[in-house]
Structures are given as C-alpha cells and as structure tokens.
Amino acid sequence: MLNNSAGVKPNKVDAVRKAMKELNYVPSELARGLAKNATKMIGFYMPFSSISLFDSKYALELLRGVDKVISRTDYSMVILNENVSDFKKLRQPKFVSYVMQNRIDGLILNGIYQSYESFPYFKKLLDNNFPVAYIGKRVNKEGFNVYAGYDNYIYSMLEAFYKNGHRKVLAVINKGSFNLDRFEQVIKKFRKEHSEYLDITIIETNANDNNEQLINSLKDLILIKKCTGIFCDITSNIPLILSFLYLNNLSVPNDVSVIGIEHHKDDCAAYYPPINSFYVPAYEMGSIAAEMLISSLRGEIVEETSKFVHANYINRGSMKNVN
C-alpha cells in the first residue's frame, strides 16, 4: 500500500498515512526492499586462493576502496569468502547462489579469467545483464571493469632487468593467485621479442608457507646459480629476502637487484634499502568499481564503463646496471 500498489483506493491510503503520522510509524527499509525485490546489499567476491582474503594486501586495499564508496550510500557489503574445498563441493562459485536467491543487488569481483573454472558462471552474469563491476581486462560490452594491465607491467618488469644487463632472474610470486599461467605467457612473449635469452626461475609462495622453503630456494638460486635479479610480488616476503642477502654478505643493488609490487603506496619505500616497485593502486581500483556499480543501480547513466588505471614504476635505487 505504501509503495503505491495498484488496486488500493486513495481514501484508504490517506487513512493509513494519517494513522502512520499519529503513531510516528517509520516504514521498514527491509520490508520495502523485499517488496521492490531489492536488498540494498552488494556482494564482494574474489576467486579462492590458498590464503585468507585478509592475508592479502591487494585484497585488503581493494576492500578498503569498495568500502569507502559503499559506506557513503544506503547500501551494505557482504563478503562472499570461499576456499578451495567450498568450490569443489559446490562445483560453482559462491556468488551464484546469492544471485539466484536475490540476496544481492549487484556484485563486485576480482578478475575471473577464461582459464578459471568459475569463468562460465561469471560470463553468464554479464550475458544476463546482472549488475557486475569487476577488476580485470574487459570481457565483453556488458558490466563495468577496472584494470591495471597485469601483462603490461609484468612485461615492463622483465624489460627493466633485461635493459640493465640481468640475464638470470628469480621471480617470487603469490601461490594460488591464479596469475602463474599469465606470468608464464608474458615471459614466453618477452623471450620471443628479445635476442638474448632471459632465464627466469619462478618460486610460488605465500604468507602461510614455511620461511625455510624460500630460504633454501634463495641459497640455490642466488648463491649457487648466481641470479642477479629478484622480482617479488608479495611485499611480506621482501624483509626475508633482504635479511638473507645481508646474512650472506650480499647487498642491494650492488650484488642483487630487486623489484617488488606494492598495492599500498610506498610500502616498498619502508625497507632498507628502499625497493623499486610497480605501484598497482588497488584502493583506487576498488573505489572506481564501486562507484560505477552504485551509480548504475541508482539508475544513473555511467558513460565510462571501462577504466584503465596505470601501474607506475617507482625507481628507488634498487636496480644496478651490470652491462
């Protein structure tokens, strides 16, 4: 009746409104939402990994950016956390049930690429025009996306080592981040486009792994195989790497050059010595994705549905030219 439903006589509506005024009645926003088939809830989903969502600096920065926008609106956010066993049991990503049961009005998710098992479900949401904002490369004309060009800045990282004469590089990357295939594809492309061979050894690790495993790998690759460059996409591993180098009388950049990835501005500037990095602004990306999605849900026209955010290379002196 209060939602101007058809079939209700005007005099009855007026009587109810008068009673509401006298009783100081405030309509339930939940009931109104249910009547309009709206929940005022936004789902936040990241593909499962081997670590907790809250152990990832990237995920936390992304969440902070999303929360910054949503907290200023009448929407709320629900985190659709999921682990490997959940996915194997359900055989579908958790966001599917939330959409099918009308438990969320829109969805923000980290990029799901075509190699992921969950990609067909994600693609179906886009094809059916469900309100989605995602972090990653554009999939089709539907939905909203924000991306920083992972392939581009990884290629630039390889180029930085190569131009400075490094031919043996160790790459310490996040286990379970689903980026390994893409990382290897960039390496393959780089090697095709450069005359001299760049030897890249990849180690997958995460915050929950035993430090001894990484230390043993560093002994083999730095002390024995003489890698002169290290790339690390997990900032939490950089102190361990610097400590290992110091204990073995090696310094940055004189003996080993280091490049990191930071998602919180100047994280790599806090180390001694400061580390060169590509700054991938996850906070900004989360904010942009949320703004586009909320605007769309409010019926506003979103003219720019795809946004590129540049990952800046910050030179702090941790790269030595060994040519």
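The values are calculated or read from the model by the stated rules, or taken from the named source; none is laboratory data. Every value quoted in this text rests on a predicted model; they were computed, and no experiment measured them. When we count neighbours, we look across all protein chains shown, and the Cβ atoms used for this are built from the backbone with ideal geometry, even at glycine.
For P274, indicate whether it is surrounded by fewer than 20 Cβ atoms within 10 Å (Cβ to Cβ) and part of a loop (DSSP other than H, G, I, E, B).
yes
I154 fails exactly one of the following numbered conditions: (1) at pLDDT below 95; (2) in contact with a helix residue (DSSP H, G or I) (Cβ under 9 Å, 6 or more places away or on another chain); (3) not acidic (D, E). What is the number of that condition?
For I154, the exception is condition (1).
Can you name every residue in the stretch 245-271 that is crowded, with 22+ Cβ neighbours inside 10 Å and either hydroxyl-bearing (S, T, Y) or within 24 Å of the chain's Cα centre (by Cα) (or both)?
Within the stretch 245-271, S257, V258, I259, G260, I261, E262, H263, C268 meet the criteria.
Of the residues N174, N145, which is in contact with a Lys or Arg (Cβ under 8 Å, 6 or more places away or on another chain), of a type outside the set (F, W, Y), touching a residue at least 60 places away in the same chain (Cβ under 8 Å) and surrounded by 17 or more Cβ atoms within 10 Å (Cβ to Cβ)?
It is N145.
Among the candidates L218, L198, L223, L242, single out the residue that is modelled with pLDDT of 95 or more and surrounded by fewer than 16 Cβ atoms within 10 Å (Cβ to Cβ).
Of L218, L198, L223, L242, the one residue that is modelled with pLDDT of 95 or more and surrounded by fewer than 16 Cβ atoms within 10 Å (Cβ to Cβ) is L223.
Residues that are under 17 Å from Y153 (Cα atoms), in contact with a Lys or Arg (Cβ under 9 Å, 6 or more places away or on another chain) and outside any loop (DSSP other than H, G, I, E, B): does the stretch 210-226 have at least one?
Scanning the stretch 210-226, I find no residue that is under 17 Å from Y153 (Cα atoms), in contact with a Lys or Arg (Cβ under 9 Å, 6 or more places away or on another chain) and outside any loop (DSSP other than H, G, I, E, B), so the answer is no.
All but one of (1) more than 30 Å from P131 (Cα to Cα); (2) out of contact with any Cys (no Cβ under 7 Å at 6 or more places or on another chain); (3) in contact (Cβ under 8 Å) with a residue 60 or more places away in the chain; (4) surrounded by fewer than 22 Cβ atoms within 10 Å (Cβ to Cβ) hold for K307; which doesn't?
The number of the failed condition is (1).
Looking for something in the same structural domain as G143 (by TED's automatic domain parsing) and at positive phi - is there at least one such residue anywhere in the stretch 310-317?
There is no residue in the stretch 310-317 that is in the same structural domain as G143 (by TED's automatic domain parsing) and at positive phi.
Could you tell me which numbered condition Y134 fails, if it satisfies all but one of (1) within 26 Å of the chain's Cα centre (by Cα); (2) among the hydroxyl-bearing types (S, T, Y); (3) not assigned by TED's automatic domain parsing to the domain that holds L60?
(3)
In the stretch 74-104, what residues are out of contact with any helix residue (DSSP H, G or I) (no Cβ under 6 Å at 6 or more places or on another chain), assigned to a loop (DSSP other than H, G, I, E, B), surrounded by 14 or more Cβ atoms within 10 Å (Cβ to Cβ) and modelled with pLDDT of 90 or more?
Once the filter is applied, which keeps residues that are out of contact with any helix residue (DSSP H, G or I) (no Cβ under 6 Å at 6 or more places or on another chain), assigned to a loop (DSSP other than H, G, I, E, B), surrounded by 14 or more Cβ atoms within 10 Å (Cβ to Cβ) and modelled with pLDDT of 90 or more, the stretch 74-104 yields Y75, R103.
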